[in-house]
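Structure first, then comments.
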């Protein structure tokens with residue numbers, strides 16, 4: 001086919017005025033309001049934004065892309081759903097297909113890493129004033145065109161990524177070739193209604209969470225949580241080695257639990273070994289589409305999984321407890337826990353007392369397969385959200401050996417690397433003896449043990465054997481070296497030693 005030349009890059013047109021409000025807007029759900037309230041904590045950010053990106057090995061036609069987006073948005077009611085924040089209330093409306101347009105704009109490239117440019121595009125906030133909650137950007141690169149889609153979580157989730165691509169690409173191909181649209185490409189798809197809370201589910205959550213105290217979720221590693229959340233996030237990845245992969249398989253058989261329960265138990269043990277618990281609640285996202293697998297929208301409920309970790313016990317018992325708690329939560333996942341948190345004593349009243357601060361995201365295997373756009377090979381690119389709603393989020397999948405740990409500003413990348421190393425070594429140790437006390441294995445990696453061994457070796461070779469003696473030796477040999485760091489403030493060894501002397505004199 002003949003490619004049309006790209007128009008010169010220019011600044012986006014001013015945003016169109018939002019459509020007139022429906023005089024009878026629809027009510028919003030508890031979990032939709034929860035997303036909105038979260039945004040109030042960090043205004044002016046894209047904390048609830050999701051993104052997908054394609055690298056196409058050729059040139060996209062802007063006119064075809066615009067036409068294809070209009071068809072898809074006209075078909076999916078949820079993509080035309082807009083929200084309006086009015087004081088302390090949030091309302092939603094559906095814009096008629098003929099009055100709705102998906103903004104398409106040039107995707108600005110800085111010349112630095114493309115991943116950073118994609119993140120910047122997706123992170124721009126969507127005002128909840130009736131305007132669309134989806135935007136698209138394109139850019140030409142030496143490797144072909146980039147297509148980036150940013151969508152607000154109120155109308156989208158990560159399962160929706162595959163659904164949107166399956167809907168958009170065939171329409172683009174047909175329009176580009178001048179063919180009639182496939183019949184299924186024009187069939188209207190109404191928004192999937194959230195089920196009403198079921199009394200049995202609400203009773204289950206009340207019983208499961210009875211007596212839980214959320215103040216025991218802090219970790220001793222990292223920095224303390226501030227009074228005002230920043231929600232700044234980062235990601236660290238680790239590929240499990242062959243020994244850990246084999247250990248995960250062996251543990252499934254030994255403890256009679258699926259891979260997800262094994263990983264969840266190891267995560268709970270890791271958290272407990274670093275100061276959380278022993279009574280833990282870990283959140284886990286669950287797709288609640290049921291038989292409507294082709295639905296786009298916010299159709300994920302995060303269920304709270306309560307686990308009591310006994311570090312004097314073994315991994316076998318913990319994994320079976322995690323299995324039972326996980327399966328129980330799955331059975332009641334259709335009713336979001338947001339419906340009851342406000343009625344639980346001490347939970348949900350402030351940022352410091354949220355129900356869970358740690359997430360376990362065990363993604364189902366959904367191979368994308370080969371992607372082609374108008375005959376051109378294309379590949380998905382990862383788009384990271386630079387925010388973290390939780391202190392820690394462990395992400396994995398049944399078939400993959402790669403783990404990702406998303407973490408808030410309370411933890412450094414080095415700290416996250418150390419946690420993942422300890423997680424991997426815990427799996428190996430648990431497979432060797434599932435009944436060995438977790439206190440012996442959880443919270444220790446091979447690198448940690450090597451550090452301790454080096455310290456013992458140094459002590460045996462004439463170095464100071466006690467911590468206070470080692471500190472005073474350092475204070476005399478290098479008094480100007482930093483000893484205590486607290487943000488941008490620092491005290492050197494000489495200052496700390498002088499303060500210690502003053503205290504001793506007083507005593």
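Of all residues in the range 387-422, count the ones that are part of a loop (DSSP other than H, G, I, E, B), touching a strand residue (DSSP E or B) at 6+ places or on another chain (Cβ under 6 Å) and closer than 11 Å to residue 233 by Cβ. First the steps, then the outcome.
Taking the range 387-422 and keeping what is part of a loop (DSSP other than H, G, I, E, B), we get 388-391, 397-401, 409-412.
Filter once more, so that each one left must be touching a strand residue (DSSP E or B) at 6+ places or on another chain (Cβ under 6 Å): 388, 390-391, 401, 409.
From what is left, the residues that are closer than 11 Å to residue 233 by Cβ are 388, 390-391, 409.
Counting residues in the range 387-422 that are part of a loop (DSSP other than H, G, I, E, B), touching a strand residue (DSSP E or B) at 6+ places or on another chain (Cβ under 6 Å) and closer than 11 Å to residue 233 by Cβ gives 4.
For the range 467-497, enumerate the residues that are exposed (fewer than 14 other Cβ atoms within 10 Å of the Cβ) and more than 41 Å from the chain's Cα centre (by Cα).
Result: 468, 469, 473, 476, 477, 478, 480.
Residues are listed down the side, and each one gets a yes or a no for (1) surrounded by fewer than 22 Cβ atoms within 10 Å (Cβ to Cβ); (2) out of contact with any helix residue (DSSP H, G or I) (no Cβ under 7 Å at 6 or more places or on another chain); (3) assigned to a helix (DSSP H, G or I):
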site: 262; (1), (2), (3): no, no, yes
site: 272; (1), (2), (3): no, yes, yes
site: 275; (1), (2), (3): yes, yes, no
site: 282; (1), (2), (3): no, no, no
site: 290; (1), (2), (3): yes, yes, no
site: 307; (1), (2), (3): no, no, no
site: 310; (1), (2), (3): yes, yes, no
site: 323; (1), (2), (3): yes, no, yes
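I'd like the full set of residues that are crowded, with 18+ Cβ neighbours inside 10 Å and under 22 Å from residue 190 (Cα atoms), limited to the range 101-116.
The answer is 102, and nothing else.
For the range 168-196, name all the residues that are under 24 Å from residue 297 (Cβ atoms), without any contact (Cβ under 8 Å) to a residue 24 or more places away in the chain and part of a loop (DSSP other than H, G, I, E, B).
At the first step, the residues of the range 168-196 found to be under 24 Å from residue 297 (Cβ atoms) are 168-172, 181-196.
Subsequent filtering for residues that are without any contact (Cβ under 8 Å) to a residue 24 or more places away in the chain retains 170, 182-184, 193, 196.
182, 193, 196 - these are the residues of the range 168-196 that are under 24 Å from residue 297 (Cβ atoms), without any contact (Cβ under 8 Å) to a residue 24 or more places away in the chain and part of a loop (DSSP other than H, G, I, E, B).
Which condition breaks for residue 215 when tested against (1) in a helix (DSSP H, G or I); (2) in contact with a strand residue (DSSP E or B) (Cβ under 8 Å, 6 or more places away or on another chain); (3) modelled with pLDDT under 90?
If we test residue 215 against (1) in a helix (DSSP H, G or I); (2) in contact with a strand residue (DSSP E or B) (Cβ under 8 Å, 6 or more places away or on another chain); (3) modelled with pLDDT under 90, just (2) comes out false.
Does residue 132 satisfy the criteria of being in a loop (DSSP other than H, G, I, E, B), in the same structural domain as residue 50 (by TED's automatic domain parsing) and surrounded by fewer than 18 Cβ atoms within 10 Å (Cβ to Cβ)?
Working: in a loop (DSSP other than H, G, I, E, B): yes; in the same structural domain as residue 50 (by TED's automatic domain parsing): yes; surrounded by fewer than 18 Cβ atoms within 10 Å (Cβ to Cβ): no.
No: the conditions fail for residue 132.
Against the definition (at pLDDT below 90 and over 22 Å from residue 341 (Cβ atoms)), how does residue 222 come out, yes or no? Full working, then the answer.
Working: at pLDDT below 90: yes; over 22 Å from residue 341 (Cβ atoms): yes.
It is true that residue 222 is at pLDDT below 90 and over 22 Å from residue 341 (Cβ atoms).
Taking the range 139-157 as the region of interest, how many residues are more than 12 Å from residue 296 (Cβ to Cβ) and assigned to a strand (DSSP E or B)?
The total comes to 10.
Among residues belonging to the range 142-155 that are touching a residue at least 40 places away in the same chain (Cβ under 8 Å) and within 18 Å of residue 108 (Cβ to Cβ), point out the one that is surrounded by the fewest Cβ atoms within 10 Å (Cβ to Cβ). Show your work before the answer.
Taking the range 142-155 as the starting set, the residues that turn out to be touching a residue at least 40 places away in the same chain (Cβ under 8 Å) are 143-155.
With within 18 Å of residue 108 (Cβ to Cβ) added as a condition, the list becomes 143-150.
Details: 143: 11, 144: 19, 145: 23, 146: 22, 147: 23, 148: 23, 149: 24, 150: 24.
Among those residues, the one meeting the criterion is 143.
Within the group 469, 498, 431, which residue is part of a helix (DSSP H, G or I) and at pLDDT 85 or above?
Working: 469 fails: at pLDDT 85 or above; 498 fails: at pLDDT 85 or above.
Step by step, each of 469, 498, 431 is checked, and only 431 is part of a helix (DSSP H, G or I) and at pLDDT 85 or above.
When you scan the range 220-242, do you find a residue that is closer than 22 Å to residue 303 by Cβ and surrounded by fewer than 16 Cβ atoms within 10 Å (Cβ to Cβ), even just one?
Within the range 220-242, not a single residue is closer than 22 Å to residue 303 by Cβ and surrounded by fewer than 16 Cβ atoms within 10 Å (Cβ to Cβ).
Scan the range 306-313 and tell me whether some residue there is at pLDDT 95 or above and under 23 Å from the mean Cα position of the chain (by Cα).
Yes, the range 306-313 has at least one match.
I want to confirm something. Restricting to the range 377-418 and keeping residues that are more than 17 Å from the chain's Cα centre (by Cα) and either buried (at least 21 other Cβ atoms within 10 Å of the Cβ) or not assigned by TED's automatic domain parsing to the domain that holds residue 243 (or both), which single residue is farthest from residue 228 (Cα to Cα)?
377
Sort out which residues of the range 174-203 are over 31 Å from the mean Cα position of the chain (by Cα) and within 22 Å of residue 340 (Cα to Cα), and write them in order of number.
None; the set is empty.
The values are calculated or read from the model by the stated rules, or taken from the named source; none is laboratory data. Bear in mind the structure is a predicted one, so any value in this text is a computation, not a measurement. Glycine gets a Cβ as well: all are built from the backbone with ideal geometry, and neighbour counts include every protein chain shown.
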